Amino acid sequence: MSGAIDLLKFQQSSGELRWLPVVAAAFLRQLPEWRLEFAAALAAHDLGQQADLLHKMRGSCYAVAALRAAQEIALAEAALARGQQLAPRQLLDRLELAEAELRLIVASAPAK
């Protein structure tokens, strides 16, 4: 797995790589809202909301085969479960890498 998105895993799980731009576009539409909600949950020290958002984001990362981002989110979920305060920089960095690659995938998809 060299990029932020594991194309082989996506193809194995979905059966069709051609669906990735559609799934990626949906992920990209939701990402800004998640970022805002997560930032608010961090600022409010709302651990329940942080856990809920992390769970949603992890599932969506798996859906687009952003496996490294999903792994980073799983680590953050485990830290929260242990009662540890999050330092989300690495998690956000992984999401940014996934976002950049997904934007390229969506932009290079054939027009319909």
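Bear in mind that the values in this text are calculations on the coordinates, not laboratory data. Note that the structure is a prediction, hence the values are computed from the model and not measured. Neighbour counts are summed over all protein chains in view; Cβ atoms, including those assigned to glycine, are modelled from backbone coordinates with ideal geometry.
Which value, in Å to one decimal place, does the Kirkwood hydrodynamic radius take for the stretch 1-95 when every pair of different Cα atoms is included? Spell out each step's value before the answer.
On the way: mean 1/r = 0.0726 Å⁻¹.
Roughly 13.8 Å, rounded to one decimal.
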Relative packing of 48-55, 16-23, 79-86, 68-75, which averages over residues the other C-beta atoms within 10 Å, highest first: 68-75, 48-55, 16-23, 79-86
Fewest-first ranking of Arg58, Arg89, using other Cβ atoms within 10 Å as the exposure measure: Arg89, Arg58
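Order the peptides 97-108, 27-38 from the highest to the lowest mean number of other Cβ atoms within 10 Å of their residues.
So the order, starting with the most tightly packed, is 97-108, 27-38.
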